[in-house]
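Below is one structure, written out as structure tokens, with a few remarks after it.
The values are calculated or read from the model by the stated rules, or taken from the named source; none is laboratory data. This is a predicted model, so every value here is computed, not measured. Cβ coordinates were reconstructed from backbone atoms using ideal geometry, including for glycine residues, and neighbour counts include every protein chain displayed.
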């Protein structure tokens, strides 16, 4: 089957949506699908069409399915779905956040209501809307009045034990850290209002003699990491993807800490990739959110309601190991989407 894969730029892989797009394209390709894209660099698993305009016309003529990652901004990718629908193509739309996330970009309630109305009109006409959690499904069904929503949770692969593309400085620094502290804790993410950076700081300070904290950050405008001038905190910025994976692989514990999401009508919406990455790499994963059923089924997932519970987990518990098939991979994600592609189309 030929699929027009209209996604964020995902190669070379950086983070967030790029990780999702790359691994989904890879696994679908390995299953035998032919994927075609219009943007980004060439990658091993899709065919990049040279000209975006003639390339999209070619997709409309030749591809049996258009798979599009939607968001709430006026980008060409989001507008192409309208043309695909006009040409009566099968369309699968992926939506990984509710519209309330626009509050973090300074958008008003009236603007968000407008976006909801527009999204409702468009997404009611696609064959399937794929979301990553029940909370986003609730948004789609309650606010957008959709009936064609399917939950396909994120996944993550086990990282390879490789130092390729990892600087010797990071390798040496990690060796030194692991020789000095009994536990190594990692937090990886963007500095945005979704994260609970104050709780991260308190944990690091209180764990001064118990654990080293490895903090991998992606800066975002207007948000800054709290001052953590303690000897057990090590901060890295602007790492390549191989270096991020290497650091996570070397850690014992992964932290997934979030704010109260009082700006979102649907609460915390369980779309974080970091939890799947921690769990798939056998880190003890501590979160102040209850997690999804898939996350909770892991022997290494821990929900902790307060700082003292987290400190006890960091000090006393060690991650358990299990069979490879115990963890949710991107292959599982692609397989579930493939099943949806081959399901009978709704009447």
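Could you list all residues from region 49-67 that are more than 15 Å from residue 87 (Cα to Cα) and either crowded, with 19+ Cβ neighbours inside 10 Å or touching a helix residue (DSSP H, G or I) at 6+ places or on another chain (Cβ under 8 Å) (or both)? The answer is 49, 52.
If I filter region 242-259 for residues that are assigned by TED's automatic domain parsing to the domain that holds residue 197, loosely packed, with under 15 Cβ neighbours inside 10 Å and part of a loop (DSSP other than H, G, I, E, B), do I get at least one hit?
Start the filter on region 242-259 by keeping residues that are assigned by TED's automatic domain parsing to the domain that holds residue 197, which leaves 242-259.
Filter again for loosely packed, with under 15 Cβ neighbours inside 10 Å, leaving none.
Checked region 242-259: no residue is assigned by TED's automatic domain parsing to the domain that holds residue 197, loosely packed, with under 15 Cβ neighbours inside 10 Å and part of a loop (DSSP other than H, G, I, E, B).
Of all residues in region 212-241, how many are at pLDDT 90 or above and outside any strand (DSSP E or B)?
Just the residues of region 212-241 that are at pLDDT 90 or above, to begin with: 212-216, 231-236, 239-241.
Filter again for outside any strand (DSSP E or B), leaving 231-232, 239-241.
Residues flagged as at pLDDT 90 or above and outside any strand (DSSP E or B) within region 212-241 amount to 5.
Considering only residues in region 34-81 that are part of a loop (DSSP other than H, G, I, E, B) and over 22 Å from residue 12 (Cβ atoms), the one that is nearest to the chain's Cα centre (by Cα) turns out to be 70.
Contact annotation: residue pairs with Cβ atoms under 7 Å, 6 or more positions apart or on different chains, pairing a residue in region 70-93 that is surrounded by 13 or more Cβ atoms within 10 Å (Cβ to Cβ) with a partner that is part of a helix (DSSP H, G or I) and modelled with pLDDT under 90, are 70/78; 71/78.
Would it be correct to say that residue 21 is more than 18 Å from the chain's Cα centre (by Cα) and either crowded, with 16+ Cβ neighbours inside 10 Å or more than 24 Å from residue 191 (Cα to Cα) (or both)? Answer is no for this residue.
Scanning region 94-102 for residues that are crowded, with 19+ Cβ neighbours inside 10 Å, modelled with pLDDT of 95 or more, in the same structural domain as residue 54 (by TED's automatic domain parsing) and under 24 Å from residue 2 (Cα atoms) turns up at least one hit. All told, residue 326 falls short of being at pLDDT below 95, crowded, with 22+ Cβ neighbours inside 10 Å and either within 23 Å of residue 135 (Cα to Cα) or out of contact with any helix residue (DSSP H, G or I) (no Cβ under 6 Å at 6 or more places or on another chain) (or both).
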